[in-house]
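To start, the structure itself, in structure tokens.
Read-outs throughout are calculated quantities, based only on the coordinates presented, and are distinct from any laboratory measurement. This structure is a prediction, so every number in the text was calculated from the model and none was measured. Note that each Cβ is placed from the backbone with ideal geometry, even for glycine, and that neighbours are counted across all protein chains shown.
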Amino acid sequence: MGILEINNVNKRFGGLQALGDVNLSVEEGTVHAIIGPNGAGKSTLLNCLIGKLLPDTGTVTFEGRSILGLKPHQINQLGISRVFQTPEIFSTLSVFENVMIACFAKRDGSFQLNPLTSIRGERDIHDKVEQMLLDVNMADKRNAIAASMSRGDKRRLEMAMCLVQDPKLLLLDEPTAGMARADTNNTIELLKEIEEKRGITMVIIEHDMHVVFSLANKITVLAQGTPIVEDVPSKIKGNLKVQEAYLGGAHE
Amino acid sequence: MFGLDKADTRTFLFVIAITLLAPFILNPFPTDSALAQFNGGYPDLMQRFMIFGIFAVGFNILFGLTGYLSFGHAAFLGVGSYAAVWMFKLLSFNIIPAIALSILVTGLFSLAIGYICLRRSGIYFSILTLAFAQMSFAMAYSVLSNPSFNLTNGETGLQVYASDPQYLKGSGPDITHLFGLEMNATKTLEVGAWAFQFNTGFYVCAFFMIVAFYIAMRIFRSPFGLMLRAIKTNQTRLNYTGLNSRPYTLAAFVISGMYAGLAGGLLAAMDPLAGAERMQWTASGEVVLMTILGGAGTLIGPLLGAGFIKYFENIFSKINDNVLHTWFSLMPESIENFLVTIIHPFVGKGWHLTLGLMFMLIVIFLPGGLVDGGTRIWNKITGRNRTSPDVVASPKPAE
Amino acid sequence: MDAFLLQVLNGLDKGSAYALIALGLTLIFGTLGVVNFAHGALFMIGAFCAVTLQRILNISTVTLDPTKTNFLGNPLQVRTPLVETWFGEAAGQALINWSVPLAILFAIPIMLLIGYVMERGLIRHFYKRPHADQILVTFGLAIVLQEIVKAFYGANPIPTPAPDIFTGSFDFGVLIGFAENVIIYPYWRLVYFAFSALIIGMVFAFLQFTTFGMVVRAGMADRETVGLLGINIDRRFTLMFGVAAAVAGLAGVMYTPINPPNYHWGMDFLVLSFVVVVVGGMGSLPGAVLAGFLLGILESFASTTWATTTIPGINQIIIYLVAIVILLARPRGLMGRKGVMEE
């Protein structure tokens, strides 16, 4: 029984079968990549996991609990954090404040009316944020306004915001999309480090094979809304079905 | 001090000092001099500074922090006034129960309106609040004023009549008072050619303003305030970080509504009368202008904006053609007449035209408001690079 | 049944005005992505175009007629409008009498010009600014325009009659088999409704059948892509703003005989028109028109004696109540597309 179980998920948009009978089990502690050609249903699947879309049929359970129909903040509170294709951060706030918000959300839940307590008094939170910034090598940028940073740093900050919440599952939506090679490699290093040090379960949706093969220890290939192969990376490379899916049936 | 850091404590003490000394500061010109018309140190105006300061500071908690632009806050001002006058009618002229009820009623009222309006954001929200305010205006003006159920007394406005019960009045005063301290009591201190006025009502308003400002400061520096600023920046991220933005915005809406209620209650406490015109969209627009003029999202900006607008409203409305002619009387007559003709549409009854123009100019050229503009000028002069004092940098690491 | 029909008819004229203003608001919002709080002021300016033309046509020479005296025994002042001197008495009087319909011709260039100046001079600089800034600056502009009109024309409503030919009422009931004088409808309101329908038809036809309209519709659906096609969308948007201004202006011109215009018309109609847009669905032109008429008719039903005695003042708040219900039940509005301004 995996930490995240996807059973018989179907989703139609009008006449288009976006997802057909998706069954997927993510084991705790693994880095599970979901790949597939454009239009294979990767984004739709992700959106079903984070509460943005509701599948027509099927179940999605996290630690044995159904998460269908939950709002994004409720899903996060269960321990699922999400990294976006383009980094979503609080761009007008400082790096420190960005991470601090995530920290408060973890400690105090989705809403707390505490208008008269002072941020300055929150020693624990400060220590935690400091430590997190050290961990991701951003301590020197603590007072920088998030919008002013490079794309790589924004990604790093977004990661820090997720990690500070000690998530049980990290969802990454094409984390290196649109990045320069150097930034991509940095991100891979960062993710590797996270995996080694923290052992967080990750689901990565990715285009870039380089990223996938450097990180994942399990890969599911989606084609036309259905998983066609699920295996360890070394066996995926030579798989005929996968090549077929990517080349669009050029063998016929 | 007060649970604030050094810079904030300084700001707070500064505001207290300015407020308490307002009767001196606002009266720089001798009473008989030609410039006396520029004095702002008389009770009625000073009370307005404080009351509208509260209104704007509260509005800023919603607009400045969360970025939700409400065009209906005047409705809360009006509701606060009506509630207060009803307390005068039913109990006595003591202002404490009146103000308490004002805050309570507006709190509930803004909870109801906020619950509906906050289902949408952006311009939808602005339009909805505007519609609600206009609806409240229509209700106060006519719907809730009919022989069988007269809550607002329609066009005449709600006021206290001799026939009202006033159950707790006993032998208490016939004008609004704080446990016997009458609101319109004024002591005048004459120093040479100057006359400084110290008015009970003003100091009551000042007290409430200082408390209100203090609470606003605490909100700005609280985790709650941080979440509100996060809402303004990126709601998607906020939701995926595990925070539910709806209750935060609703709480901010209700808090700012209660500030408006307090302001409305104080207006009635200074002059026990409540009329529907207090709820019109022009009044809502005015508080928006005060906030952006001073600087939305800054602590002190709304106070500045409120003072600025109320001062100039007062001065501008007093200026008529005669005054203008005396100003320019030294110039040749043709130039004098020309200048008077040019300025005429903007003063006296033309104050609203000036207000509208100011609105546009501020939004176009100084979107950060006076505080931001001041900081920029200060940076130019000193060559330093300071951000606005209220754009909160992240706190220093805990030692 | 007859009472029902009567109220429907009564709602049509106000509904037409709402529909026309809401149409312009939606066009501007859809194409330019700008929320124009000064749009009501354009309606008001249109109305004052009619007032102005009426005044211009009434510019008179004053002569003393020694043969007649007034009640004080002084020679009577005779005012002869210049147009009567120039074109002869009959033609001149006809001109004055027809000043409101004539004002259409007068208002079109003025409104186009105002729209052009507004877009080029102000709105254009706000495309990239946040919606809040757009709202604030157009709100300021609305105040300025309203105060200028007030400075020139005063605060009182100015009666601006329709041509004599349209005074009186049309007995609509007889046409469809009711007794006489059961369903009567003032001629001018009929004219107003027909005129509005014509304008609405023209705007839709323009958008449907011209290349220009096609680009505008594409722009409403997806602004960025159209911009990428290299189409000079800017100039088209300017023209679109002018058209929206003219539509609002004409709605104002023709409304003057129904209600004497005053300077705060702009805001009165604006708030309601915004509600109309929200009810119809932001960004939906048919929605705006439909909601305009629906709410106009609803308001007229709420104004009946029966309704106002049951719930006093219901006529003044009915539109808001409906808007709240619609927004709670169907946040997108009647015909709103998904995703328009939802965040």
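Remarks
- Evaluating 6.51 cos²θ - 1.76 cosθ + 1.60 at θ = phi - 60° for every residue in segment C:169-178, the Karplus couplings come out as 10, 9, 8, 6, x, 4, 4, 10, x, 9 Hz, glycine and proline recorded as x.
- Reducing segment B:242-289 and segment A:95-115 to their Cα centroids gives an inter-centroid distance of 28 Å.
- Here the Karplus relation 6.51 cos²θ - 1.76 cosθ + 1.60, evaluated at θ = phi - 60°, turns the backbone of segment A:137-142 into coupling constants of 6, 10, 4, 6, 9, 4 Hz, with x for every Gly and Pro.
- When each of C:Tyr320, C:Tyr153, B:Tyr248 is scored by the number of other beta-carbon atoms lying within 10 Å, the sequence from fewest to most is C:Tyr153, C:Tyr320, B:Tyr248.
- Estimated at 0.36 nm per residue, the fully extended path between A:Ser25 and A:Asp231 surpasses their Cα-Cα distance by 73.0 nm.
- The GluC sites (Glu not before Pro) found in segment C:112-208 that occupy coil by DSSP, while having at most 11 further C-beta atoms within 10 Å, are C:Glu180.
- By the count of other C-beta atoms within 10 Å, a proxy for reagent exposure, A:Ser66, B:Ser70, B:Ser222, A:Ser91 are ordered fewest to most as A:Ser66, A:Ser91, B:Ser222, B:Ser70.
- Residue ranges A:30-40, B:9-19 sort as A:30-40, B:9-19 when ordered by packing (mean number of other C-beta atoms within 10 Å per residue, highest first).
- Across segment B:3-20, rounded Karplus estimates of 3J(HN,Hα) from the backbone phi angles (6.51 cos²θ - 1.76 cosθ + 1.60, θ = phi - 60°) give x, 10, 7, 4, 4, 5, 4, 4, 4, 5, 4, 4, 4, 4, 4, 4, 5, 5 Hz, Gly and Pro being marked x.
- Counted by Cβ distance under 15 Å from B:Leu111, the other residues give a net charge of +2, where Lys and Arg count +1 and Asp and Glu count -1.
- Zone residues, segment C:107-130, relative to C:Met202, backbone N less than 20 Å from point 7 Å out along Cα-to-Cβ: C:107-117
- Listed by chain and number, the lysines whose C-alpha is less than 18 Å from the C-alpha of B:Lys89, apart from same-chain residues fewer than 8 away, are B:Lys169.
- Angle in degrees between helix C:314-329 and the longest Cα principal axis of chain C, rounded to the nearest 10: 10 degrees
- Dividing the helix sum by the residues of chain B, where each DSSP H run of 4 or more adds -39500 (n - 2.57), gives a mean residue ellipticity at 222 nm of -19500 deg cm²/dmol.
- Of C:Val174, C:Val278, A:Val242, the sequence from fewest to most neighbouring Cβ atoms within 10 angstrom is C:Val174, A:Val242, C:Val278.
- Think of segment B:6-279 as having a plus end and a minus end, set by charges on the Cβ of Lys, Arg, Asp and Glu; of B:Thr188, B:Ala17, B:Tyr248, B:Tyr248 sits farthest toward the positive end of this dipole.
- Euclidean distance of C-alpha centroids, segment B:1-64 and segment A:62-94, integer Å: 45 Å
- Most mobile of A:Pro55, A:Pro72, A:Pro115 in a GNM of chain A (Cα contacts under 10 Å): A:Pro115
- Whole-Å distance, taken between Cα centres, linking segment A:152-204 and segment B:311-362: 63 Å
- Too-long pairs where the Cα-Cα distance tops 23 Å, listed order kept, from A:Lys192/A:Lys237; A:Lys42/A:Lys141; A:Lys42/A:Lys197; A:Lys52/A:Lys235; A:Lys42/A:Lys168; A:Lys11/A:Lys42: A:Lys42/A:Lys141; A:Lys42/A:Lys197; A:Lys52/A:Lys235
- Each stretch of four or more DSSP H residues adds -39500 (n - 2.57); spread over every residue of chain C, this sum gives -22500 deg cm²/dmol at 222 nm.
- Three-way shape label, the protein assembly as shown, alpha-carbon gyration tensor, a/c 1.5: oblate
- Sequence-distant contacts, meaning Cα pairs under 8 Å at least 6 residues apart, place the relative contact order of chain A at 28 percent.
- Cα gyration tensor shape of segment A:89-165, rounded if a/c is under 1.5, else prolate or oblate by comparing a/b with b/c: prolate
- Relative to the longest principal axis of the Cα atoms of chain C, helix C:265-280 runs at roughly 40 degrees.
- Calculated from the alpha-carbon coordinates, chain C shows an Rg and a Dmax of 22.3, 78 Å respectively.
- Between 0 and 90°, nearest 10: helix C:285-302 axis offset from chain C longest Cα axis: 50 degrees
- Rounded to the nearest 5, the antiparallel percentage of DSSP beta bridges internal to the protein assembly as shown is 70%.
- Rounded if a/c under 1.5, otherwise prolate or oblate - segment B:6-279, Cα gyration tensor axes: oblate
- Bridging of C:Lys128 to aspartates and glutamates at a Cα separation below 20 Å is possible for C:Glu119, C:Asp222, C:Glu224, C:Asp234, C:Glu342, C:Glu343, once same-chain residues fewer than 8 apart are set aside.
- Size of electric dipole in the protein assembly as shown: Cβ of Lys, Arg +1 and of Asp, Glu -1, about Cα centre, debye, nearest 20: 1160 debye
- Net charge of the neighbourhood of A:Arg107, taken over other residues with C-beta under 12 Å away and scored Lys/Arg +1, Asp/Glu -1, is -2.
- For A:Thr201, the residues whose amide H sits under 5 Å from its own are A:Gly29, A:Leu170, ignoring neighbours fewer than 5 places away on the same chain, with H placed 1.01 Å from N.
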